[in-house]
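> Handing you a structure now.
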Amino acid sequence: MGQDTQAPLSFDEGRALEIIGGLAHLEGAMLPILHALQDAFGHIDARMVPLVASALNVSRADAHGAVSFYHDFRDAPAGRHVLRICRAESCQSMGCERLVEHLRHTHRLTPGETTADGALTLENVYCLGQCALSPAALVDGEPVGRLDEKRLDALLGQLKGARA
Amino acid sequence: MSARIFVPADSSALAVGAEAVARAIAKEARARGLAVEIVRNGSRGMVWLEPLVEVETPQGRIGYGQVSAGDAPALFDAGFLQGGEHPARLGKVEDLDWMARQQRLTFARCGVIDPLSLEDYRAHGGFDGLKRALAMAPAEVVEEVVDSGLRGRGGAGFPTGIKWRTVAGAEADRKYVVCNADEGDSGTFADRMLMEGDPFTLIEGMTIAGLATGATKGFVYIRSEYPHAFRAMQRAIDAARAGGWLGADVAGSGRAFDMEARLGAGAYVCGEETSLLESLEGRRGQVRAKPPLPAVQGLFGKPTVINNVLSLASVPWILAHGAKAYADFGMGRSRGTQPFQIAGNVKRGGLVELAFGVTIRELVEDFGGGTASGRKLRAVQVGGPLGAYFPEALLDTPLDYEAMLAAKGMLGHGGLVAFDDSVDLAKQARFAMQFCAIESCGKCTPCRIGSTRGVEVIDKIVAGVARDKNRELLLDLCDAMTDGSLCALGGLTPMPVLSALTHFSEDFERKAPARQAAEQVRP
Ligand SMILES: Cc1cc2nc3c(=O)[nH]c(=O)nc-3n(C[C@H](O)[C@H](O)[C@H](O)COP(=O)(O)O)c2cc1C
Ligand code: SF4
Ligand code: FES
Ligand code: FES
């Protein structure tokens, strides 16, 4: 993975092994383990992959293949808050593209990027099942609907407040 | 006796402040020394009215729409616990036009009961289907589902009972029931709403599928964009197991069935059944070639029933009321009811369960109330990102599997997304190609490369570069994707593109933006 194996681990290996060991008995344990690791550490470090592979008796390549296939798994931690804005058709019909432009211009936020201070990650998502309340988003896992510029500004203000 | 108040915990209600409303009502009741019981129900499907608070009164359940936390004191002042008058008061919920005009079979309990109360579930007919199934031979249960005419609600419309027959007939030491709750289609949320509002119905349906086919283990694969539905299913599964409805001895029958909820990881293609199975097994969600069918060699190589949430959730009603009662609804070869989802640019978005045969217009205009923006309605996309865009002239097309195909569209999972006249269908066509490029599993060239080419070609057409030639190229590309893709992601992406080209060709023929600007500066 091009990573220096001498570098100190950014995660607690004992805890990772404990998480992996606690779920390895499941049928099809790969995704539950990857979700649990990401929940605990905020991302899937490349050096967790061999641990998962050996616990599940699959090759490192297969384990890496699984991690890299899914949009959800990150190889680096996200910001302290994550705003996932829906860009799918129903939200398009209610102006989500205008909101994305607003985030870009007024808040200097670009989908797929984290702010320099590590406070917020903005991500695209394609449908949240809130299409009767478009435009919609998930803020740290909680749904918000009927968004407009004002509500977005207020939400971002709250997130900033929460961190102060 | 304390008053019963219903404040939905459905994630749509939460998305517009239901949590704060529940807290404000509880606080206000405490301050006034009133005993109240706050039930966190699912949604009635009238999403535009959320948060929709209901109060149980001797006259029935009285609704108050779009309630905000700040309304709590005024609601108490108005005597809402007795159904008192208030600007937000809607009257008896069951009598509202939206509710009264539906044929709610699968969603009969959704929004009515406490989703996690087994007692409430049973009091509303829950487990009647399972009890009848337990008294029948497995093959009879399968035939009941065949006779009901139920077809898969996940998109392909394959007869559910026929699929079950194959699994029932397969010899194996282990079989599975997999519920496809990946619901990736934009404009759809029925699976989510059911899992959040009446999860025991899905558990009951999966258990019946297990008993009918000899499968003993079930998985519900839920997309990760649905954290609330995932938690609701997990809790419901635990409660059902604790209540003796799941496990080694289902309802004292001596027969085993148990299940788990699993979380997807953000891949649209994992809604495709073989990709979903790969994902459940812990691999990349790449589509498998068929045959073998999942019914013969599915999860971990074992015979597997894989069905959509709505297909499985329709089964308890069918078993409880009989195949014929179900088949009496519908038209042609589309029997029963479909939970339609009205979304996008509409005044009243939400879920409407009706017999097949209702028209697009009835849903978008009568139920939906026309556009939210107040502008002219221009297009309705039916059936998710792979579905066609319908123009005004085709809005009277009835929603049934065959009629939609005849109109070069598809019903898909029953979602309708309305667009007003500010929509640019060339942009929508481009998005269809782009979405396919983002979500392609990478196995086939026409899908993986063709979709990226499609974006470029549409860009050229819009830019006014060799329009005729590029239009031909786009049509060829669509042919190649339709014919050369392994699954419907690549295979059906041409559907929205071609519908846009056919019905909204003017959007591809506009003056190119650069030239238009150049002309504008000229006097
Ligand atoms: C790209 C793609 C995405 C799909 N997404 C879903 C989905 O989210 N939910 C679903 O039930 N079926 C989905 N399907 C259809 C499934 O492959 C399959 O037909 C369905 O799960 C069978 O269940 P049913 O017969 O009950 O509909 C998708 C198919 C394709 C090609
Ligand atoms: S059509 Fe696309 S998504 Fe489907 S199998 Fe081929 S590459 Fe994968
Ligand atoms: S399209 Fe945005 S929530 Fe469904
Ligand atoms: S590459 Fe073989 S079917 Fe597409």
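> Restricting to region B:478-507, name every residue that is in a loop (DSSP other than H, G, I, E, B), within 16 Å of ligand 1 (Cβ to nearest atom) and either open to solvent by 40 Å² or more (accessible area, probe 1.4 Å) or in contact with a helix residue (DSSP H, G or I) (Cβ under 7 Å, 6 or more places away or on another chain) (or both).
Here is the first cut: in region B:478-507, the residues in a loop (DSSP other than H, G, I, E, B) are B:485-487, B:493, B:504.
Filter once more, so that each one left must be within 16 Å of ligand 1 (Cβ to nearest atom): B:485-487, B:493.
Of everything in region B:478-507, those that are in a loop (DSSP other than H, G, I, E, B), within 16 Å of ligand 1 (Cβ to nearest atom) and either open to solvent by 40 Å² or more (accessible area, probe 1.4 Å) or in contact with a helix residue (DSSP H, G or I) (Cβ under 7 Å, 6 or more places away or on another chain) (or both) turn out to be B:Ser485, B:Leu486, B:Thr493.
> Which residues, taken from region B:209-226, are β-branched (Val, Ile, Thr) and over 21 Å from the mean Cα position of the chain (by Cα)?
The first filter runs over region B:209-226 and keeps only residues β-branched (Val, Ile, Thr), leaving B:213, B:216, B:220, B:222.
If the condition is that a residue be β-branched (Val, Ile, Thr) and over 21 Å from the mean Cα position of the chain (by Cα), then B:Thr213, B:Thr216 are the ones that fit.
> Of all residues in region B:413-430, which are of a type outside the set (A, V, I, L, M) and either more than 12 Å from chain A (Cβ to nearest Cβ) or in contact with a Pro (Cβ under 8 Å, 6 or more places away or on another chain) (or both)? Outline the logic, then answer.
Initially, region B:413-430 is screened for residues of a type outside the set (A, V, I, L, M), giving B:413-415, B:419-422, B:424, B:427-428, B:430.
Result: B:Gly414, B:Gln428.
> Next question, about the same structure. What number of residues in region B:1-34 are of a type in the set (A, V, I, L, M, F, W, C), more than 14 Å from chain A (Cβ to nearest Cβ) and closer than 16 Å to B:Glu54 by Cα? Lay out the reasoning, then the answer.
Step one: list which residues in region B:1-34 are of a type in the set (A, V, I, L, M, F, W, C), which gives B:1, B:3, B:5-7, B:9, B:13-16, B:18, B:20-22, B:24-26, B:29, B:31, B:34.
Going one step further and asking which of them are more than 14 Å from chain A (Cβ to nearest Cβ), we end up with B:1, B:3, B:5-7, B:21-22, B:24-26, B:29, B:31, B:34.
Next cut, closer than 16 Å to B:Glu54 by Cα only: B:3, B:5-7, B:21-22, B:24-26, B:29.
Within region B:1-34, residues that are of a type in the set (A, V, I, L, M, F, W, C), more than 14 Å from chain A (Cβ to nearest Cβ) and closer than 16 Å to B:Glu54 by Cα number 10.
> Still on this model: Take the residues in region B:276-293 that are in contact with a helix residue (DSSP H, G or I) (Cβ under 6 Å, 6 or more places away or on another chain) and more than 10 Å from chain A (Cβ to nearest Cβ), then tell me which one is nearest to ligand 3 (Cβ to nearest atom).
Filtering first and then ranking leaves B:Leu276.
> Right, another one. Which numbered condition in (1) in contact (Cβ under 8 Å) with a residue 24 or more places away in the chain; (2) within 16 Å of ligand 1 (Cβ to nearest atom); (3) assigned to a helix (DSSP H, G or I); (4) out of contact with any helix residue (DSSP H, G or I) (no Cβ under 6 Å at 6 or more places or on another chain) is the only one that B:Gly412 fails?
Every condition holds for B:Gly412 apart from (3).
> Given the criterion open to solvent by 10 Å² or more (accessible area, probe 1.4 Å), closer than 25 Å to B:Gly349 by Cα, modelled with pLDDT of 95 or more and acidic (Asp, Glu), identify the matching residue among B:Glu19, B:Glu28.
On the way: B:Glu28 fails: closer than 25 Å to B:Gly349 by Cα.
The conditions single out B:Glu19.
> May I pose another question? How many residues, within region B:76-98, are in a loop (DSSP other than H, G, I, E, B) and in contact (Cβ under 8 Å) with a residue 40 or more places away in the chain? Walk me through how you get there before you give the answer.
Start the filter on region B:76-98 by keeping residues that are in a loop (DSSP other than H, G, I, E, B), which leaves B:78-79, B:83-88, B:96.
Applying the additional criterion that residues be in contact (Cβ under 8 Å) with a residue 40 or more places away in the chain yields B:96.
Result for region B:76-98: 1.
> Could you tell me whether A:Ala16 is among the small types (Gly, Ala, Ser), touching a residue at least 40 places away in the same chain (Cβ under 8 Å) and more than 9 Å from every other protein chain (Cβ to nearest Cβ)?
On the way: among the small types (Gly, Ala, Ser): yes; touching a residue at least 40 places away in the same chain (Cβ under 8 Å): no; more than 9 Å from every other protein chain (Cβ to nearest Cβ): yes.
Criteria not met by A:Ala16.
> Would you please name the residue that is nearest to ligand 4 (Cβ to nearest atom), looking only at residues in region B:457-477 that are buried (at least 16 other Cβ atoms within 10 Å of the Cβ) and within 32 Å of the chain's Cα centre (by Cα)? Spell out the reasoning first.
First, the residues of region B:457-477 that are buried (at least 16 other Cβ atoms within 10 Å of the Cβ): B:457-458, B:460-462, B:464, B:470-471, B:473-474, B:477.
Those left that are additionally within 32 Å of the chain's Cα centre (by Cα): B:458, B:474, B:477.
Details: B:Ile458: 22, B:Leu474: 20, B:Leu477: 15 Å.
Here the answer is B:Leu477.
> How many of the residues making up region A:19-42 are farther than 19 Å from B:Arg284 by Cβ, within 14 Å of chain B (Cβ to nearest Cβ) and not in a helix (DSSP H, G or I)?
So the count comes out to 2.
> Another question, if that's okay. Working only within region B:341-360, note down all residues that are farther than 16 Å from B:Ser12 by Cα and under 13 Å from the mean Cα position of the chain (by Cα).
B:Glu353 - this is the single residue of region B:341-360 that is farther than 16 Å from B:Ser12 by Cα and under 13 Å from the mean Cα position of the chain (by Cα).
The values are calculated or read from the model by the stated rules, or taken from the named source; none is laboratory data. What you see is a predicted model, and the numbers here were worked out from it, not measured in a lab. Note that each Cβ is placed from the backbone with ideal geometry, even for glycine, and that neighbours are counted across all protein chains shown. Keep in mind that these areas ignore ligands, DNA and RNA; they rest on the heavy atoms of the full protein, side chains included. Shrake-Rupley method; radii C 1.70, N 1.55, O 1.52, S 1.80 Å.
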